[in-house]
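See structure below.
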Amino acid sequence: MNNTIIKIAAISFSLILGACGSSTSDDATAADETITEETTTDETGDDTTSVVLDVDATLFLNSDNVSVDTVSCTLTDGSETLCYQITSKHIATEHDMGPWCPETIYDTAEKGGLWFDKGEIHDLDGPFIQNLAVFYDDPGFKMYEDDGSVRRMETAEQCELGADPNIEDEFTNMCAQCLPEWVSTEVSYLIPITPVKQAEPVELSDGPTLEVQGVEYGPSVRGLAFNGVRFDHPADIDIILAGYQIAPVDDAGGHVNNSLGYHYHGDTGMVNRIEQTDGHSAMIGYALDGHGLFAKLDTDGNEATDLDTCRGHEDETRGYHYHVLSLESNEFLDCFYGAWAEDDSDEQGGPGGGGPPQ
């Protein structure tokens, strides 16, 4: 399969990753750990000071799957600046990728992945597959043979042909899984080194199957984990179920799309995390607009109560940053407050909208 090169806005942040090492080029280290203060005037006429942290490219895990370079770029607010160009093969290195679909209806949870729907997460074990007709109150579901074997995608060709919004009959009642070794991809993301917060938020694309005609959206990719794997737009559960399919994620919240490779649909706590010394939620990656992405809950299991419409807020240690939703929401966050890098030759959001609705 041909490699896909797509330039998208992404982000980074200033932190130390001692045990994980560095994967930056010489140019990429120039802006590491740069902290600035930005003074603006609020509606009352008073000056307010905000902490702005530059991207720390050393945060990305050191491997052959991720590289970082510094390039010139233009943000969506029209400003000319510098970006990190992060090129990723979408390979997780800190956790296993898979499993996804169990082999039989007798398999236990460790042989399958997770399915998220109706605001809940379910172990996709054999009994769950066997019970789909009851779970969805639809007798059309029967994703297994009479001998108990689960009908699932077994080849790269099935992965390519069977995962499509217009599902052919031969791929209905099939557990949709693509294995990492079936897909070869390399994607480049542009990340503004210095994030720029805007006055108004921009709604993010949920992929073409969920977009409303005439609405201008931001990118479909929410951000990057430190291993270079993308945090993607929501999976279109309705289209998947309409084809009597299940497209599970693994225990890390990821699965493989035949056009872009491995990607995440939610945070389950398994991606590399930067713990915060003050009990604040751990950092898990960067949003495409350059602001930090942090977990939903802090070390005491509490969610921040002062989040704005984009699930962001600001403090003196981390500047403006986001807190993602968890996997059962089928979303990380649905809007950006920051400007992102955009190339006129690219479609907004890149490859997340093409191929299967996963």
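Points to keep in mind about this one:
- Test for Val202: is it farther than 30 Å from Phe141 by Cα, modelled with pLDDT of 95 or more, open to solvent by less than 10 Å² (accessible area, probe 1.4 Å) and of a type outside the set (D, E, K, R): no
- Among the candidates Asp334, Asp346, residue that is closer than 19 Å to Asp206 by Cβ and modelled with pLDDT of 80 or more: Asp334
- Qualifying residue in the stretch 205-216 (condition: open to solvent by less than 30 Å² (accessible area, probe 1.4 Å), part of a strand (DSSP E or B) and of a type outside the set (S, T, N, Q)): no
- Within the stretch 156-189, considering residues that are open to solvent by 60 Å² or more (accessible area, probe 1.4 Å) and of a type in the set (S, T, N, Q), the one farthest from Val71 (Cα to Cα): Asn166
- Candidates Glu160, Glu186, filtered to the one that is acidic (Asp, Glu) and touching a strand residue (DSSP E or B) at 6+ places or on another chain (Cβ under 7 Å): Glu186
- Restricting attention to the stretch 107-132 and to residues that are open to solvent by less than 10 Å² (accessible area, probe 1.4 Å) and out of contact with any Pro (no Cβ under 8 Å at 6 or more places or on another chain), the residue that is nearest to Leu325 (Cα to Cα) turns out to be Phe116.
- Number of the condition not met by Thr108 [criteria: (1) under 21 Å from Met270 (Cα atoms); (2) under 25 Å from the mean Cα position of the chain (by Cα); (3) polar (S, T, N, Q)]: (2)
The values are calculated or read from the model by the stated rules, or taken from the named source; none is laboratory data. Computed from a prediction, not measured in an experiment: that's the story for all the values here. Note that we place each Cβ from the backbone using ideal geometry, even for glycine, and neighbour counts take in every protein chain shown. For the accessible areas, the whole protein counts, side chains as well, though only heavy atoms, and no ligand, DNA or RNA atoms are used. Shrake-Rupley method; radii C 1.70, N 1.55, O 1.52, S 1.80 Å.
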